[in-house]
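The numbers here are math on the coordinates, done by the rules we state, and not lab data. As the structure is a prediction and not an experimental result, all values here were calculated from the model. Cβ sites come from the backbone with ideal geometry, for glycine too, and all protein chains shown count toward neighbours.
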Amino acid sequence: MISRDKAPTAQETFMQMAQAAGLRGRLLVTVGILILIRLGIYLPIPGINRDLFSQAIQGNSAIFGLLDIFSGRGLSTLGVFALGILPYINASIIIQLLTTAIPALENLQKNEGEAGRRKISQITRYVSLGWAIIQSTAFSAFFLQQFAKEPGPLFVAETAIALTAGSMFVMWASELITERGVGNGASLLIFVNIVASLPKSLGDTIDLVQVGGREIVGRVIVLVLVFLVTIVGIVFVQEGTRRIPIISARRQVGRRVLAEQRSYLPLRLNQGGVMPIIFAAAILSLPLLLANFTKNPDLINIVNTYLSPGGSAPWAYSLIYLVSIVFFSYFYSSLILNPVDVAQNLKKMGSSIPGVRPGKTTSEYIERVTNRLTFLGAIFLGLVAIIPTAVESSLGVPTFKGIGATSLLILVGVAIETAKQVQTYVISQRYEGMVK
């Protein structure tokens, strides 16, 4: 009873993780599936000359760097799960964009409840399948075929089937984590893939320090401090909320008159969480794939110059990345929070915001506050994503690119969201104990 309204401590959380059967089972399911996905990355696609492929990867590191990180080094190892969760993320972007444009999809999302959301999820799976077939076929025909031991239509078909099947298995595993595990499956898969690249990046940095001497040590220390400040900024953005006060009208229940109650409506500074960053990174990866498939020298030059974090014009990449984050932040905010629905619900409950008339005025007020918060959160996220990369380039410590700002944003955001879900399960176990 004493700890009922308090946040669970670390000791209580770990005790519940070990003792509560429900939470322990969810954690074991999550860890088991993540390990299975990591093992699948190292299942090789047959019929490819891997020495030639490794040389080509090293020569186009700017193009493959970001994609390789999100696939957990599956692209460089050419495993069955090389495409990973990327087709599913791209399909989610397409469906969510179409939801605002097609009234039937919008009706499924807003008015059909859980059944409508299931239909949208099923449509997203079909789009993921089609997108995976397109990506795997193009990747096999236009790029992998030059490294094939026996090139031809049969090789393209077999490789495309293997990559598509691997991507669909990863999609199914991510949904299984979301349903029966802890956290968002797609976000956790990207989280694990990024973490898998940390040992190599840190090892390269240690080697650079041993060779470079005191000057490099000073640069690495400065870069580490910048990354620590970045983590604090990310936590600040993820946890920041604006509390709008709400007053409930007096109600009469029988002979009793209940006094007005005061509460608040919490509006997050970053409504979309880590998803705007993931979507922006996925969108920026499409020109890299297109340049790789077409083998157009002019397009490859443009991508390496303007659309690559390590290109000769990093300002262009930073500007496009910032605009993408702002766009997806507003887009995700519009999907998560509908000011008109919130105003109608407050009016039905007999509640209002002090100094604001119920109805249309309330919805306009909430929309205005939400737009301001989303703008601040998006700009802050963009700056957090750009500044460490700029400092990294100016200090000349390239080995930290594996844990760049984009990766760091995703790591911290997913860690916070997953920790909150674990705490929710711990609190639910606390109330179950009270009932017993």
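Taking the number of other C-beta atoms within 10 Å as the exposure measure, put Thr137, Thr205 in order starting with the fewest.
Arranged by neighbour count, lowest to highest, Thr137, Thr205 become Thr137, Thr205.
Would you please put 366-374, 38-46 in order of how densely packed they are, using the mean number of other Cβ atoms within 10 angstrom per residue and starting with the highest?
The peptides rank, most packed first, as 366-374, 38-46.
Can you order the peptides 183-192, 160-169 by their average number of other Cβ atoms within 10 Å per residue, highest first?
183-192, 160-169
Pairs Lys348/Lys420; Lys149/Lys200; Lys360/Lys420: which are spaced more than 32 Å apart, C-alpha to C-alpha?
Too far apart for the 32 Å limit: Lys360/Lys420.
Report the calculated FRET efficiency for Asn49 and Ala165 (r = Cβ-Cβ distance, R0 = 30 Å), to the nearest 0.05.
Once the sixth-power term is evaluated, E becomes 0.85.
Sorted by average packing, counted as other Cβ atoms within 10 angstrom per residue and highest first, what order do 26-35, 223-232 take?
Packing order, densest peptide first, comes out as 26-35, 223-232.
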